[in-house]
1. Going by what's in this entry, would B:SER77 be described as among the small types (Gly, Ala, Ser) and open to solvent by less than 10 Å² (accessible area, probe 1.4 Å)?
2. Do we find a residue being part of a helix (DSSP H, G or I), within 12 Å of chain B (Cβ to nearest Cβ) and more than 16 Å from DNA strand D (Cβ to nearest atom) anywhere in segment A:36-50?
3. Which residues, taken from segment A:297-323, are surrounded by fewer than 21 Cβ atoms within 10 Å (Cβ to Cβ) and under 15 Å from the mean Cα position of the chain (by Cα)?
4. For A:PRO320, which of the numbered conditions (1) without any contact (Cβ under 8 Å) to a residue 12 or more places away in the chain; (2) assigned to a loop (DSSP other than H, G, I, E, B); (3) of a type outside the set (Ser, Thr, Tyr) fails to hold?
5. Looking only at segment A:7-21, filter to residues that are assigned to a helix (DSSP H, G or I) and open to solvent by less than 60 Å² (accessible area, probe 1.4 Å); which one of those is farthest from DNA strand C (Cβ to nearest atom)?
6. Is there any pair linking a residue in segment A:9-25 that is more than 14 Å from chain B (Cβ to nearest Cβ) to one that is open to solvent by 30 Å² or more (accessible area, probe 1.4 Å) and more than 11 Å from DNA strand D (Cβ to nearest atom), with Cβ under 7 Å and at least six apart or on different chains, and which?
7. Has segment A:289-296 got any residue that is in a helix (DSSP H, G or I), within 12 Å of chain B (Cβ to nearest Cβ) and buried (at least 19 other Cβ atoms within 10 Å of the Cβ)?
8. Out of A:GLU242, A:GLU208, report the one residue that is closer than 25 Å to A:ARG266 by Cα, acidic (Asp, Glu) and open to solvent by 20 Å² or more (accessible area, probe 1.4 Å).
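The values are calculated or read from the model by the stated rules, or taken from the named source; none is laboratory data. Since this is a predicted model, take the numbers as computed values, not measurements. Cβ placement follows ideal geometry from the backbone for every residue including glycine, while neighbour counts extend to all protein chains displayed. Ligands, DNA and RNA are excluded from the accessible area calculation, which covers all protein heavy atoms including side chains. Shrake-Rupley method; radii C 1.70, N 1.55, O 1.52, S 1.80 Å.
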There are 2 protein chains.
Amino acid sequence: MPRPKKQHITIRDVAKTAGVSPITASRALQNSELVRPATREKVAQAAKDLAYIPNFAAGTLSSDISRIVAVIVPNMSNSIFADTLQSIANSLRPAGYNLLIGSNDYSLDLEQDLVRTFLSRRVDALVLTGHLHSEETKSLIRGSGVPTVEMWSITDDPLGVSVGISNYDAAFAMTRHLLDQGHRRIGFIGGLLENNDRTQSRLRGYHEALEQAGIEFDTSLVRHEDFDFDRGSMAMRNLLSENGRIDAVFAASDVLALGALLECLRQNLKVPDDIAVSGFDDARIASIMNPALTTIGIPRESIGKKIAEVILQMIRGDEPEQKIFDMGFTLIERGST
Amino acid sequence: MPRPKKQHITIRDVAKTAGVSPITASRALQNSELVRPATREKVAQAAKDLAYIPNFAAGTLSSDISRIVAVIVPNMSNSIFADTLQSIANSLRPAGYNLLIGSNDYSLDLEQDLVRTFLSRRVDALVLTGHLHSEETKSLIRGSGVPTVEMWSITDDPLGVSVGISNYDAAFAMTRHLLDQGHRRIGFIGGLLENNDRTQSRLRGYHEALEQAGIEFDTSLVRHEDFDFDRGSMAMRNLLSENGRIDAVFAASDVLALGALLECLRQNLKVPDDIAVSGFDDARIASIMNPALTTIGIPRESIGKKIAEVILQMIRGDEPEQKIFDMGFTLIERGST
DNA sequence: AACCATAATGGTACCGATACCATTTTAGCG
DNA sequence: CGCTAAAATGGTATCGGTACCATTATGGTT
């Protein structure tokens, strides 16, 4: 035993000083309707006097309820995910839930490990990013019966409930927008495709919008990079040097788009006259850039809120009214296109 | 009971099919050196066959070890905090720890609530941001004996261990840098002072650097805003309209600095010729902006790593070699000054 | 082959809260 | 005032691991 074993104050101690039974003390501290206000008062006072700190582990073991919700995101550094985490946390806090957060760095194996640990911790609900998971992960979750939400992208066949937007539609709309502006040679800078259904769908949206406009899909105009400003710049530099004649770029992430936009400016290209640039996500800085970035607005806040709402429903045992919540996107037209 | 009670597979089931006692099974699954490899194998196989999922709550109750570390940050949206969270999580994962994350939105009361809950969850360690806490929070932590790290700012008298940088020194150095460049009327845009020791120290650093240079501290050149690009722009607009003659601005956060920088550009001011702008944090986008932002580099990665390292030590029961880890900052000179 | 130190293993109790069912108290009513 | 239904409260077992101490195998030594 590393640290000296501590003798904690238990609910029995509280019960004793309050002159009630442990179970009554328990109920009083849970604000159960079953105990008389006067009793509740007594117990609360005793707890305070003794500086009682409950032991959730004992409660969880006994009730199989942990009041923990686990969320797995690819990473926390990307502000898009961070915002959603924040929103989920805020919406869940009033109900007494804490957030256990894991990042999988786009690895399905890591995700699987995380899911396994979280299930061991008897989390009350699980939130995953996207709908690409290992078979093992899926069967673990199904077998556990833990309420599960897949977020960001929507899928016809969610593990539990899906809350997000149609990345395909959004990318299609943005490409359409660029086409409508008269652009014909439109580059694409997206994230890495592997294990990232958002990027995959966005690429498809771009691809099919082009095809429907009768423009051939040209691989030499497509780049895939890690989500990093630098990478966006690099990809842009690369596209420009190898394809002098592109007149627009759709970057399927604002991080990449801003990198690309700044690279254009650095090369003294006029945006949007010489080249139009559009992004995806509506990162906070997108709106104050010069020129401001045309992008896809995603209701991050509402997504987080909806996730929290659905989770609480499912934990309560209610079936949510839908399996798929399409929270909708907005094409935000700004100066860069 | 909301969901139908589930009959879980327990370690006793595993032990039975492996033909050993529960305690041996437990040890085998912990990879204890005490069990023979052959036995470990048997148990592992049984666990796999039964799709055994351990119950950490039971383990925690019994051993008083949760393998959870709780971190409290003001918010997760700020990429600075997000990066540190990521780094702590990455460094702690190999040791089997998960992160319970709470945000207090700069409220000491909220922080206190979070600390109380986290202690109830018997977290193995606690990481707080800064060293401003309610008395109640401090006594809760002291009473619990939980290893605690205060991060970001360093303080002479930490609750446990302090890992961060001297915000005062960094702000002093940056102000000095602006002075060295010949600037005399230097504006300051910082975060809100309330419950934010980082902002407080940075303001002091700015203030005292001016004084030592024989320049009077002028309140009309100081602005305090929420950390938001918009707010940075707003503050800048405001400073410029009310003080035509300022020749530099030190924004004590890159979010604010970038907002300010972009506002200057929008007003067709030449940066740094007409006005110099510097920041704090070295946000990722700072380096690719045009002009790139002069700022204070903070070793976020190393801070996270060091925190994890110290935590593991303390959990092991070892005293860390120091109480205060000053991880150092770098003044990164770029085009904006 | 006997012996001993060490390595492996096992039995039982316990961590601290809550579930479950039983019991007591309270309040409403004729 | 007695009776009954409903409201409060209590006793005891239990959740599923691991601590603690005891016991049994194992292997090396002379």
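1. Numbers: among the small types (Gly, Ala, Ser): yes; open to solvent by less than 10 Å² (accessible area, probe 1.4 Å): no.
In short, no.
2. To start, the set of residues in segment A:36-50 that are part of a helix (DSSP H, G or I) comprises A:37-50.
Pick out the ones that are also within 12 Å of chain B (Cβ to nearest Cβ) and you get A:47-48, A:50.
From what is left, the residues that are more than 16 Å from DNA strand D (Cβ to nearest atom) are A:48, A:50.
Scanning segment A:36-50 turns up at least one residue that is part of a helix (DSSP H, G or I), within 12 Å of chain B (Cβ to nearest Cβ) and more than 16 Å from DNA strand D (Cβ to nearest atom).
3. A:GLY297, A:PRO299, A:GLU301, A:SER302, A:LYS305, A:GLU309
4. Result: A:PRO320 fails condition (1) only.
5. Our first condition is that a residue be assigned to a helix (DSSP H, G or I); within segment A:7-21, this holds for A:11-18.
Then keep just the ones that are open to solvent by less than 60 Å² (accessible area, probe 1.4 Å); that gives A:11, A:13-15, A:18.
Values: A:ILE11: 3, A:ASP13: 8, A:VAL14: 7, A:ALA15: 8, A:ALA18: 13 Å.
Per the criteria, the residue is A:ALA18.
6. Partner pairs satisfying both residue conditions: A:ASP13/A:LEU50; A:THR17/A:ASP49; A:THR17/A:LEU50.
7. Of the residues in segment A:289-296, the ones in a helix (DSSP H, G or I) are none.
Looking for residues that are in a helix (DSSP H, G or I), within 12 Å of chain B (Cβ to nearest Cβ) and buried (at least 19 other Cβ atoms within 10 Å of the Cβ), one finds none in segment A:289-296, hence no.
8. Numbers: A:GLU208 fails: closer than 25 Å to A:ARG266 by Cα.
Going through A:GLU242, A:GLU208 in turn, just one is closer than 25 Å to A:ARG266 by Cα, acidic (Asp, Glu) and open to solvent by 20 Å² or more (accessible area, probe 1.4 Å): A:GLU242.
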